[in-house]
Amino acid sequence: MSDDTLHGLPPVVGPATRLLVLGSFPGTASLAARQYYGHPRNHFWPILAALWGRPLTAWPYAERLEFIRDQGLGLWDVYASCRRQGSLDADIVDPVANDLPTLVRQLPRLALIAHNGGESARSMRVTGALGLPVLKLPSTSPANASWRFERKLAAWQGAFEQAGLL
């Protein structure tokens, strides 16, 4: 019997982290690239580029990570592992949660937690108990086609302003 469990990515955080964005679990393209928001049609990196006025999408991945850490943005997912065919959150089976309480205790400047989409927001009971404000943001995934880029950008801008990243 083969183990078809998928394992996620490590957190991207630093001493300056004020906003922690939590996805659900990396999609197939992100896992293959070992990069957060690695699908070319995901709006995450274009939203950040628009908010900070920097050509992040043209930068190598390692430089993007260094830049967002310096700006106070952290990334992780609510699930450490799961089984799933394809990339849709609706197909996640047997998820195992990441240890969010331990990570949050390591981030003294953290001011806000934001869930990227509905599946991630299912963990708001956990993040809400951590003593920080928690928001649900519209998913940046290409599967969230009902929200135009400009509408997503406006919602994300509010969170970045609230956390002091703009």
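Please give the charge dipole size of the chain, origin at the Cα centre, charges +1 on K and R Cβ atoms and -1 on D and E Cβ atoms. Round to the nearest 20 debye. All intermediate terms of the calculation are to be shown ahead of the outcome.
On the way: 16 positive and 13 negative charges, 83 e Å.
Charge dipole, the chain, about its Cα centre: 400 debye, nearest 20.
Which of 115, 7, 39 comes first, and how do the rest follow, when ranked by fewest Cβ neighbours within 10 Å? Write out the running numbers ahead of the final one.
On the way: 115 23, 7 12, 39 20.
Going from least to most buried by this count: 7, 39, 115.
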Inter-probe distance in nm under a simple model that places probes 7 Å from Cα toward Cβ, at residue 122 and residue 88: 1.4 nm
Lys/Arg Cβ at +1, Asp/Glu Cβ at -1, dipole of the chain taken about the Cα centre: which of 130, 163, 6 is farthest positive-ward? 163
Among residues other than residue 129 whose Cβ falls under 15 Å from its Cβ, what is the net charge (Lys/Arg +1, Asp/Glu -1)? +2
If you take every DSSP beta bridge whose two residues both sit in region 7-162, what share of them, in percent to the nearest 5, is antiparallel? 30 percent
Hand me the trypsin sites (Lys or Arg not before Pro) from region 12-71 located in a DSSP loop with no more than 12 other Cβ atoms within 10 Å, in residue order please. 34, 41
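If each DSSP helix of 4+ residues adds -39,500 (n - 2.57) and the sum is divided by the residues in the chain, what number results at 222 nm, nearest 500 deg cm²/dmol?
Values: 7 runs with 55 residues, N = 166.
Rounded to the nearest 500, the figure is -9000 deg cm²/dmol.
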Which of (i) 49, 33, 30; (ii) 56, 38, 26; (iii) 46, 32, 24 gives Cα extents along the principal axes in Å as computed here? It is (i)
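Every read-out reported here was derived from the displayed coordinates using simple, explicitly stated rules and does not represent laboratory data. In this text the structure is predicted, and so the values were computed from the model without any measurement. Glycine gets a Cβ as well: all are built from the backbone with ideal geometry, and neighbour counts include every protein chain shown.
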